[in-house]
Amino acid sequence: MSNEVVVRVNNVTKRFGERVIFESVSLDVKKSEVVAIVGPSGAGKSTFIRCINHLHAFDGGSIEVLGHVLVGGTQPTRAELQQLNSKVGMVFQTFNLFPHLTVLDNIILAPMQVKKIARQDATDQAMNLLKMVGLQQKAQSFPKRLSGGEQQRVAICRALAMEPELMLFDEPTSMLDPELVGEVLEFIQRLAGGGMTMLLVTHEMMFAKDVADTVVIMADGGIAEKGPARQVLEAPRTERARSFLRRVLSPMAHDDRDLVANGGDET
Amino acid sequence: MFHIVALYTGVLLKGALKDVVLTVVSSILALILGALGAIGRIYGGPIVGGAIYWYVEIIRGLPAILQLFILYFGLSQFGIDLNPLSAAVIWLVAYGTGYAVEIFRAGIVDVAEGQHEAAKALGLSRFTTLRKVIIPQAFVSMMPNLTSFLVLQLKNTTMLYLIGYADIMYQARLGADATEQPGPLYLMVAVEYLVISAAIARIGSRVERRIAAYR
Amino acid sequence: MPVFLKGVGITLELTAAALGIALILGFLLALARLSTIRPMVAIATTYIEVVRSIPVLVLLFLSYYSLGQVGLKLSGPVAATVSLGAFYATLYAEIFRGGILGVDRGQTEAARALGMGRRMTMVRVILPQAFFSILPNATNQLSNLIKDTSLVFTLGVADLMFQAQAASATTFQPMDMLLLAGMIYFAFYLILSKVLARWEINVQRSRS
């Protein structure tokens with residue numbers, strides 16, 4: 001991890017109508033840093049990472065991403081957004097592969113249309129990516145014929161084909177059957193090992209602890225706690241973070257004195 | 001009864017052919033205008049979008065026959081005398097466009113929000129997104145509606161005899177008056193519409209299966 | 001103007017009568033298609049496929065002129081009601097069937113697991129849930145039915161369209177007369193599509 005800041009979130013506030021989703025959130029992400037965002041559902045985690053590539057507009061504060069500045073309450077130009085989006089990859093909970101295109105066409109669409117790369121070059125690159133995840137023989141299949149785990153790996157390849165400098169993951173494994181989670185996490189872990197900067201919303205606490213440099217706990221419309229992964233997950237300092245971790249790590253326990261540090265081993 | 005069938009089959013088929021040609025031509029025009037209208041309705045902002053919205057509402061809110069009469073008889077009050085053929089074409093295109101806008105709009109809107117998000121996250125422009133991601137999927141989901149659209153257009157041609165357009169219905173009426181045998185004649189008309197509708201449905205579902213291979 | 005009002009009255013009477021036939025026959029057709037008795041499914045399916053492929057105008061002529069020729073002379077209004085009812089029954093049958101099939105299978109399984117019989121499951125569990133998905137389509141078809149009644153003037157039934165036609169001929173101002181009738185039809189359309197739709201949304205919201 002270098003000291004170059006790739007994403008600077010400054011005091012960002014997001015509302016849906018009257019309802020405040022989160023308020024005054026600030027966060028820096030350095031080059032090659034892996035940031036895991038955890039927290040109870042409804043805490044605005046998915047909305048938060050969608051603000052970073054401006055899939056959602058936000059209302060206050062500013063976000064600086066790879067040299068582009070987004071200011072709350074203003075609409076960036078379409079050209080600027082496209083430029084930003086072509087440098088930021090995103091992986092969705094529901095994969096969102098284009099169902100009418102084959103695996104290969106899913107991956108080469110954006111490189112050809114946005115970066116104007118020749119079909120042959122785009123195809124070579126796509127096949128290399130698919131080989132990395134052992135799916136080269138599925139290149140001509142339609143997404144519906146693939147398992148969830150395979151679809152999600154293709155979706156990651158699709159994002160990587162744009163050679164992004166930053167990857168956003170929105171709960172990439174929560175729609176998967178338990179036995180398929182591993183293959184996707186393993187791929188993400190390899191990317192992290194390769195120095196990719198990433199923000200990852202996840203419910204996989206063990207994975208966050210192992211792979212992330214930094215863990216952010218979002219709750220009650222803000223950041224409850226952030227810091228080095230092990231420290232936040234094993235010895236949280238705020239009560240809000242403790243109560244959240246207690247509930248995820250040992251969902252059956254009603255006893256408030258249940259120990260967080262031990263809880264980590266129970267999952 | 002059989003001699004009536006034998007006598008009139010040729011005439012009625014000729015009339016039916018006129019209806020089919022009219023349906024195909026007017027439907028193609030209506031679908032092109034409808035696709036443009038749908039894009040205008042969705043992306044056109046409040047003025048263009050609003051105007052298209054009310055156009056569609058008026059087309060859908062008035063009886064088809066009333067719209068035809070407004071064109072053919074109503075306009076004559078202002079000295080605009082359309083001949084039956086041009087009134088028929090204008091009517092079928094104008095009416096069809098109103099319905100086609102809704103079909104295309106629903107098809108576009110039905111494409112899952114995640115598809116828009118994914119396209120945007122990849123940096124695809126709005127035009128590319130529409131062309132490469134949204135329209136191909138919209139087209140598949142609206143295939144059944146396109147089939148019923150064609151059948152609706154075809155059925156509407158039955159009303160054209162009322163303005164003196166010499167189609168199948170017109171011939172059947174002439175025949176019914178001349179022979180005093182309305183029974184077999186209208187039955188033949190019904191059978192011809194049945195066959196053509198079935199053919200449209202058949203072609204529609206075949207095309208649908210072909211282009212929806214990915215599902 | 002009074003003749004227009006009279007025409008509106010006949011249009012509405014026709015609509016109500018045809019709707020009655022369409023709803024009852026449509027429901028029976030839907031049940032027949034959903035049944036497990038092969039011949040019933042075949043009869044209902046054939047009826048629906050055949051009748052809905054025939055243009056309303058042709059149905060009107062068949063019931064008025066063709067039936068007349070074989071000795072079954074129907075008056076204009078009766079022929080109009082029967083043909084519109086017969087035609088719309090096919091559309092309502094498909095709406096009912098779709099609504100019933102649209103209720104989650106788990107609901108049937110749950111009701112059966114609780115020991116409810118087929119009929120009780122249908123009446124107590126399935127239909128109440130299907131009702132609210134059926135309603136929007138049903139009102140939509142009702143507004144189509146009103147519009148299609150405008151074709152009955154061809155049988156000499158003195159509905160709104162007939163009056164507009166007649167007035168056009170006597171006043172030599174066809175556009176004015178047609179637009180007047182158009183505004184009345186459009187008002188019905190707006191009532192059904194906007195007011196009723198809003199009411200339906202409210203009802204649905206209050207129940208969820």
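The values are calculated or read from the model by the stated rules, or taken from the named source; none is laboratory data. Keep in mind it's a predicted model, so treat the numbers as computed, not measured. Note that each Cβ is placed from the backbone with ideal geometry, even for glycine, and that neighbours are counted across all protein chains shown.
At-a-glance table
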quantity	calculated
Matching residues in the stretch B:196-214 - criterion: being hydrophobic (A, V, I, L, M, F, W, C), under 17 Å from the mean Cα position of the chain (by Cα) and either surrounded by 14 or more Cβ atoms within 10 Å (Cβ to Cβ) or within 13 Å of another protein chain (Cβ to nearest Cβ) (or both)	B:Ile196, B:Ala198, B:Ala199, B:Ile200, B:Ala201
Residue in the stretch C:37-57 that is in contact with a Lys or Arg (Cβ under 9 Å, 6 or more places away or on another chain), within 13 Å of another protein chain (Cβ to nearest Cβ) and over 27 Å from B:Thr179 (Cα atoms) present	yes
Residue list for the stretch C:149-168, restricted to those being facing chain B (nearest Cβ under 7 Å) and either charged (D, E, K, R) or touching a Pro at 6+ places or on another chain (Cβ under 6 Å) (or both)	C:Ser150, C:Ser168
Residue within the stretch A:154-175 that is assigned to a loop (DSSP other than H, G, I, E, B), under 22 Å from A:Lys45 (Cβ atoms) and among the aliphatic types (A, V, I, L, M) present	yes
Single unsatisfied condition, C:Gln107 versus (1) modelled with pLDDT of 85 or more; (2) of a type in the set (S, T, N, Q); (3) buried (at least 16 other Cβ atoms within 10 Å of the Cβ)	(3)
Residues of the stretch B:1-48 satisfying the condition of being surrounded by 13 or more Cβ atoms within 10 Å (Cβ to Cβ), more than 22 Å from the chain's Cα centre (by Cα) and in a helix (DSSP H, G or I)	B:Ile4, B:Val5, B:Leu7, B:Tyr8, B:Val11, B:Val48
Test for A:Phe95: is it away from chain B (no Cβ under 11 Å), in contact (Cβ under 8 Å) with a residue 60 or more places away in the chain, buried (at least 18 other Cβ atoms within 10 Å of the Cβ) and closer than 23 Å to A:Met175 by Cβ	no
Matching entry among A:Val232, A:Val184, A:Val248, A:Val216 (being among the β-branched types (Val, Ile, Thr) and at pLDDT below 90)	A:Val248
All positions within the stretch C:164-178 that are in contact with a Gly (Cβ under 7 Å, 6 or more places away or on another chain) and farther than 16 Å from C:Lys147 by Cβ	C:Pro174, C:Met175
Members of the stretch C:186-205 found to be of a type in the set (Ser, Thr, Tyr) and more than 30 Å from C:Ala130 (Cβ to Cβ), listed by number	none
Which numbered condition C:Ser133 fails, given (1) more than 30 Å from C:Thr15 (Cα to Cα); (2) polar (S, T, N, Q); (3) surrounded by fewer than 18 Cβ atoms within 10 Å (Cβ to Cβ)	(1)
All positions within the stretch A:69-92 that are in contact (Cβ under 8 Å) with a residue 60 or more places away in the chain and among the charged types (D, E, K, R)	A:Lys87
Residue match in the stretch A:59-68 (condition: in a helix (DSSP H, G or I), more than 12 Å from every other protein chain (Cβ to nearest Cβ) and touching a residue at least 24 places away in the same chain (Cβ under 8 Å))	no
Matching entry among A:Lys45, A:Lys138 (being charged (D, E, K, R) and either within 30 Å of A:Ser243 (Cα to Cα) or touching a strand residue (DSSP E or B) at 6+ places or on another chain (Cβ under 6 Å) (or both))	A:Lys45
Selected residue [buried (at least 18 other Cβ atoms within 10 Å of the Cβ), more than 16 Å from the chain's Cα centre (by Cα), at negative phi and part of a helix (DSSP H, G or I)] from A:Leu245, A:Leu191	A:Leu245
Filtered residues of the stretch A:79-103 (kept if within 23 Å of the chain's Cα centre (by Cα) and either farther than 24 Å from A:Leu199 by Cα or assigned to a helix (DSSP H, G or I) (or both))	A:Glu80, A:Leu81, A:Gln82, A:Gln83, A:Leu84, A:Asn85, A:Ser86, A:Lys87, A:Pro99, A:Val103
Any hit, the stretch C:120-131, residues being within 26 Å of C:Leu34 (Cβ to Cβ), of a type in the set (Phe, Trp, Tyr) and assigned to a helix (DSSP H, G or I)	yes
Any helices (runs of 4 or more DSSP H) falling wholly within the stretch B:78-188 and containing at least 1 residues that are within 14 Å of chain A (Cβ to nearest Cβ)	B:84-110, B:113-121, B:135-141, B:143-156
Matching residues in the stretch C:26-65 - criterion: being aliphatic (A, V, I, L, M), surrounded by fewer than 21 Cβ atoms within 10 Å (Cβ to Cβ), farther than 20 Å from C:Lys147 by Cα and within 18 Å of the chain's Cα centre (by Cα)	C:Leu28, C:Leu31, C:Val50
